[in-house]
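Student: There's a structure below that I have some questions on.
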Amino acid sequence: MLSREANERLCRVGPGTPMGNMLRRFWMPICTSAQLPRPDCAPLLARLMGQNFVVFRDTMGRVGVLDELCMHRGASLALGRVEDCGIRCIYHGWKFGVDGAVLDIMNNANEELKHRLKAPAWPVREAGGIVWTYIGPRELEPPFPRHAFMDLPDENRVVMRVDTN
């Protein structure tokens, strides 16, 4: 039987935990493609490894994974609007691209500010009916893994998700 300390070490996966640090070194599914059915659809709040993220599909069909909270005032981007190739925070109207770039600051005319700031964004790949992300250290990002099911036609593949807490 595991000691309480060993169990904590193996089971806790939040940021800064030993198991969390190890698991963040891999590409992980964050949602299914079906959960983002079309460009500019409603954003999705997703929890992965003890962290909250917002996942959205922009006007061009690209998928973005950002930290859930807006870098400006901490409002949830899951409540935001996806429009014009970005996601707009409902609190002060800042708009972010899939790469975290600040696209629009409605309450500040300083264009230089947009270029200096960037929201926390994570690498994303969409393959096999699944949206994958890498939330580990940028300098340690592994190559994206290819699995045989990713190359099958959609009609030959079933993607199922199970929500757990």
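The values are calculated or read from the model by the stated rules, or taken from the named source; none is laboratory data. The shown structure was predicted, so the numbers you read here are calculated from the model rather than taken from an experiment. Backbone-built Cβ (ideal geometry, glycine too); neighbour counts: all protein chains shown. When the accessible area is computed, the model is the full protein with side chains, heavy atoms only, and any ligands, DNA or RNA have been set aside. Shrake-Rupley method; radii C 1.70, N 1.55, O 1.52, S 1.80 Å.
Student: Anything in region 9-53 that is of a type in the set (Lys, Arg), touching a residue at least 24 places away in the same chain (Cβ under 8 Å) and within 30 Å of Arg81 (Cα to Cα)? List them, or say none.
Tutor: Arg24
Student: Which of the residues belonging to region 100-157 are basic (Lys, Arg), open to solvent by less than 70 Å² (accessible area, probe 1.4 Å) and outside any loop (DSSP other than H, G, I, E, B)?
Tutor: Here is the first cut: in region 100-157, the residues basic (Lys, Arg) are 114, 116, 118, 125, 138, 146, 157.
From the residues that got through so far, the ones that are open to solvent by less than 70 Å² (accessible area, probe 1.4 Å) too are 114, 157.
If the condition is that a residue be basic (Lys, Arg), open to solvent by less than 70 Å² (accessible area, probe 1.4 Å) and outside any loop (DSSP other than H, G, I, E, B), then Lys114 is the only one that fits.
Student: Output the number of the condition that Arg9 fails; it satisfies all remaining conditions of (1) at negative phi; (2) modelled with pLDDT of 95 or more; (3) open to solvent by 20 Å² or more (accessible area, probe 1.4 Å); (4) among the charged types (D, E, K, R).
Tutor: Only one criterion in (1) at negative phi; (2) modelled with pLDDT of 95 or more; (3) open to solvent by 20 Å² or more (accessible area, probe 1.4 Å); (4) among the charged types (D, E, K, R) is unmet by Arg9, namely (2).
Student: For region 71-88, which positions are modelled with pLDDT of 95 or more and over 16 Å from Pro39 (Cα atoms)?
Tutor: Across region 71-88, the qualifying residues are Ala75, Ser76, Leu77, Leu79.
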